[in-house]
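> Sending over a structure as structure tokens; questions will come in a sec.
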Amino acid sequence: MGRNLRRVKLRSEQISLRLFVCMAIIILSILYISIPLILNSFQEYNKTNQVLNEITSLRALVQTANKISRERGPANKVMSSTSEEIEKNKQELADFRLVVDEQINETVSILNQAGFNSVSTQLQTDLKVKLEHARKIVDAYAEIPQSQRTSQQLDHAILTMFSVWDNGRELLNELMAQSKSKDSKMSNYFISILILTDMRDQAGRVASNVMAPITFSEKISDINRARTLQTEHQTQYLWSLVDVIQPQYMKTSDYIRLHQRVKTEFLDQGLPIIRRLLDESQNNQTYFLTGTQLTEQIVDKYTTVIDLQKYILDYSVLIATQQNKNAKQQYFFTLSISSLSLLIALFTMIYTKRKVFSPLIKAREMILGLSDTMHGPPSRQKSKHEFYTLFEAINKLKLMLKQRDLMESQLKQIANSDVLTGVSNRLALEEYINDLTAKPNALSQTCVFAIDIDHFKFVNDQYGHLVGDEVIAMVAEQLKHNVRASDLIVRYGGDEFLVVIESIQMEAAKAIAESIRLGIATQNIVVTSLGKAIQVSVSIGVAIGAESWLELLEKADQSLLKAKARGKNVVEG
């Protein structure tokens, strides 16, 4: 008896060890699949976060450069003012300088938070020092009595303000050099923003280059004329680039409207003002505008450039924010699914060991022990209590075997089911085909539906994988609703399904397929993040009868290709 018990314990230990090895392999497989997915989604989230920080920093620095460029407007008005206008224009300039200083301080904070510390330092030191120097020159000129001023002094003050913006442009170049996202999907936004920043400054310089001679009613010098013509040419060239580099999918209705305003109000109405002044100087005619009037008229025209640039800036930040949000959701979804799968595997291992295998091993030991007892002395064999103990052990064994069969059935069902939809997977299909082909002529009346979701990649790219999963689950529900419980529904690929129906005619099969197509086409998937509903469709290929399973599947695939060729959302068979 002792020898038998030792053998029983040894076999029990072997069973426990095998169970542990099998579950360890399952857990390692889950980790092998999950860890790369988690790392990839986390890296994608970090990339989108970096893009968002960098595009936000670029927007702040561009806004600073714009405001510095715009300060030339009120500065020019002060320097070209008459004695009646100067106090009002000085107050306007002082108020705008406060706005510029506040923008610089805000940009410094944003750059530091994004990690662009060297650019932030240069903004606080080099640019602010040059700006203060240029402001002193402007203020000093404004204090010179009208009778003692010269156009050369005014032109020098204007050029000094130009140099401040040039320094801001260098900071933009430095930011782009340090940016890691300029080669990403957002590269078109970066380029458009920089081109419009240059164009906006060139637009302002077109008028500033002739401000001094206009103010003093002097002939425009060859140097100023050359600067003006060169600036106008540069403006026209930059404008031609804006629409070329803008991809078609980014040309929204708002973009088209703002783009047209720049052409109509600035290029078609603003630049001709400067050309007229150049012609009047060339022909020794009296200028039709004073310096202050020129500033007031041209400022309204080139604000259209600022509006277009602001739209692209805000739109790019919106796109980057949405990408970051989607990447974050995908990361947490992947992490949650992976963690849940691991916990289910661990729970299954612990539950199976405690509730199934341990009681079975215990019952087995009890029966073998009782068996040794039955072969003992005759007097002990006749013990009524020992017979009852044997029957009790057998009944317990039957109960444990029933529980084991149930657990095996449940594990088999889990292994043969798709996690997302609950329908069968390829493993279940393989078992089904093996059983089916074992019957004579079974495939001759067997029907296969090959079902593919139309434009599924677009849904994933546009609305994210969470919405894509909802679409797949909805399609699976429609399939369950339209076919019998005895028919096999298989998730064959990412967005591909198969339905296998035995003993059916083509007309009846097409009717079922059409019912599936209509049911899916009428379903709505609500995208909560966008507050709207979307609809999808499927293409279905139908095939009946073949010599082999591969031939039948090939016929269904050919029908599906025909359905796609007909424009999708159709049944072909």
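> Under the definition of Cα pairs under 8 Å and six or more residues apart, what whole-number percent is the relative contact order of segment 68-179?
On the way: 72 pairs, mean separation 35.5, N = 112.
It rounds to 32 percent for segment 68-179.
> Let me ask something else about it. Calculate the radius of gyration of the Cα atoms of segment 50-95 to one decimal place, then report Dmax, the largest Cα-Cα distance, as a whole number, both in Å.
15.8, 52
> Based on the alpha carbons, how large is the Rg to Rh ratio for segment 441-573 when Rh follows Kirkwood? Mind showing how you got there, number by number?
Values: Rg = 14.9 Å, Rh = 15.0 Å.
Ratio of gyration radius to Kirkwood radius: 0.99.
> Enumerate the calculated ³J(HN,Hα) couplings along segment 210-227 in order (Karplus 6.51 cos²θ - 1.76 cosθ + 1.60, θ = phi - 60°), each rounded to whole Hz, writing x wherever the residue is Gly or Pro.
For segment 210-227, the Karplus-derived couplings read 10, 4, 5, x, 5, 4, 9, 6, 9, 5, 6, 5, 4, 5, 5, 4, 5, 4 Hz, x marking Gly and Pro.
> Taking the Cα centre of segment 491-573 as origin and charging only Cβ (+1 Lys, Arg; -1 Asp, Glu), how large is the dipole, in debye to the nearest 20?
Working: 9 positive and 10 negative charges, 104 e Å.
Using Cβ point charges on Lys, Arg, Asp and Glu, segment 491-573 gives about 500 debye.
> So if R0 is 45 Å, what FRET efficiency would I344 and I245 give, r being the distance between their Cβ atoms, rounded to the nearest 0.05? It would help to have the intermediate numbers written out before the result.
Values: r = 50 Å, r/R0 = 1.12.
The pair I344/I245 has a calculated efficiency of 0.35.
> Exposure proxy check: F458, F96 ranked by fewest other beta carbons within 10 Å? Please list the in-between numbers first.
Working: F458 11, F96 16.
Neighbour counts put them in this order, fewest first: F458, F96.
> Residue-wise, which Karplus ³J(HN,Hα) couplings in Hz belong to segment 123-131, taking 6.51 cos²θ - 1.76 cosθ + 1.60, θ = phi - 60°, and x for glycine or proline?
My calculation for segment 123-131 gives 5, 6, 9, 4, 5, 5, 5, 5, 5 Hz in order.
> Please state, rounded to one decimal and in Å, the Kirkwood hydrodynamic radius that segment 182-320 gives when every pair of distinct Cα atoms enters the mean of 1/r. It would help to have the intermediate numbers written out before the result.
Details: mean 1/r = 0.0628 Å⁻¹.
Result for segment 182-320 stands at 15.9 Å.
> Working out 0.36 nm times the residue gap between I25 and R257, then minus their Cα-Cα distance, what length gain in nm do you get to one decimal? Can you show the working numbers first?
Values: separation 232, 0.36 × 232 = 83.52 nm, distance 6.09 nm.
Length gained, I25 through R257: 77.4 nm.
> For the chain, go through all pairs of different Cα atoms, get the mean of 1/r, take its inverse, and jot down that Kirkwood value in Å.
31.3
> Treating only the Cβ of Lys, Arg, Asp and Glu as charged (+1, +1, -1, -1), what charge dipole size does segment 68-179 show about its Cα centre? Round to the nearest 20 debye.
140
> Right, here's the next one. Restricting to Cα pairs below 8 Å that are 6+ residues apart, what does the relative contact order work out to for segment 426-572? Please round to a whole percent. Walk me through the numbers before you get to the answer.
Values: 237 pairs, mean separation 45.9, N = 147.
Answer for segment 426-572 is 31 percent.
> Give the calculated FRET efficiency between Y315 and A442 to the nearest 0.05, with a Förster radius of 60 Å applied to their Cβ-Cβ distance.
Details: r = 59 Å, r/R0 = 0.99.
Calculated transfer efficiency: 0.50.
> Modelling each spin label as a point 7 Å along the Cα-to-Cβ direction, I'd like the I534/D101 distance in nm, to one decimal.
Distance between the two pseudo-spin positions: 5.0 nm.
> I'd like the FRET efficiency for K457 and T290, computed as 1/(1 + (r/R0)^6) with the beta carbon distance as r and R0 of 51 Å, rounded to 0.05. Spell out each step's value before the answer.
Details: r = 61 Å, r/R0 = 1.20.
According to the calculation, E is roughly 0.25.
> Also, quick follow-up: Work out how much length D166 to T121 would gain on full extension: take 0.36 nm times their residue separation and subtract the Cα-Cα distance, in nm to one decimal. Can you show the working numbers first?
Details: separation 45, 0.36 × 45 = 16.20 nm, distance 1.68 nm.
Working it through step by step, the gained length comes to 14.5 nm.
> Here's something else I'd like to know. Of the options S187, Q535, F347, report the single residue whose Cα projects farthest towards the positive end of the charge dipole of the chain (beta-carbon charges: Lys, Arg +1; Asp, Glu -1).
The one lying farthest along the dipole's positive direction is F347.
> Cα axis of helix 506-521 to longest principal axis of the chain: angle in degrees, 0 to 90, nearest 10?
The two axes meet at around 40 degrees.
> Equivalent ellipsoid semi-axes for segment 63-166, as square roots of 5 times the alpha carbon gyration tensor eigenvalues: give them largest first, rounded to whole Å. Before the final figure, lay out each step's value.
On the way: eigenvalues 170, 39, 16 Å².
Sorted largest first and rounded, they come to 29, 14, 9 Å.
> What does the highest-first list of 317-328, 526-537 look like by mean Cβ count within 10 Å? The partial results should precede the final answer.
Working: 317-328: 17.7, 526-537: 13.0.
Order by mean packing, descending: 317-328, 526-537.
> When the dipole is taken about the Cα centre of the chain, and only Lys, Arg (+1) and Asp, Glu (-1) are charged at their Cβ, what size is it in debye, to the nearest 20?
Computed about the Cα centre, the dipole is about 3100 debye.
> Please report the relative contact order for the chain, taking Cα pairs under 8 Å with a sequence separation of at least 6, and give it as a percent rounded to a whole number. Let's see the in-between values first.
Working: 628 pairs, mean separation 77.6, N = 573.
It comes to 14 percent, rounded to a whole number.
> Right, another one. Looking at N460, W165, G545, which one has the Cα that reaches farthest to the positive end of the dipole of the chain (charges on Cβ: Lys, Arg +1; Asp, Glu -1)?
G545
> State the answer as a single residue: which of L479, L277, A203 lies farthest towards the positive end of the charge dipole of the chain, with beta carbon charges of +1 for Lys and Arg and -1 for Asp and Glu, about the Cα centre.
L479
> Same structure again: Please work out the Cα convex hull volume for segment 421-499 and give it in Å³ per residue.
90
> On to the next question. Based on alpha-carbon positions alone, could you give the equivalent ellipsoid semi-axes of segment 460-532 from the gyration tensor, as √(5λ), descending, whole Å?
27, 13, 9
> Skipping prolines and chain starts, which residues have an amide H placed within reach, meaning under 5 Å, of the one on N569, given they are 5 or more residues away or on another chain?
For N569, the qualifying residues are V538, S539.
> Any chance you could count the Lys pairs in segment 36-182 whose alpha carbons are under 30 Å apart, treating pairs 8 or more apart or on different chains as valid?
Summing the qualifying lysine pairs gives 26.
> Please list 3J(HN,Hα) in residue order for segment 30-43, calculated via the Karplus relation 6.51 cos²θ - 1.76 cosθ + 1.60 where θ = phi - 60°; whole Hz, with x for glycine and proline.
For segment 30-43, the Karplus curve yields 4, 5, 4, 7, 6, 4, x, 5, 5, 4, 5, 5, 5, 5 Hz.
> Another one. Label segment 105-259 by shape, choosing from rounded, prolate and oblate, from the square roots a ≥ b ≥ c of the eigenvalues of the Cα gyration tensor; if a/c is under 1.5 it is rounded, and otherwise prolate applies when a/b is larger than b/c, oblate when it is not. Write down the numbers at each step before the final one.
On the way: a/c = 2.98, a/b = 1.42, b/c = 2.10.
In terms of gyration-tensor shape, oblate.
Each reported figure results from applying straightforward, stated rules to the coordinates on display, with no laboratory input. Predicted model, so just to flag it, every value in this text is computed and none were measured. Neighbour counts are summed over all protein chains in view; Cβ atoms, including those assigned to glycine, are modelled from backbone coordinates with ideal geometry.
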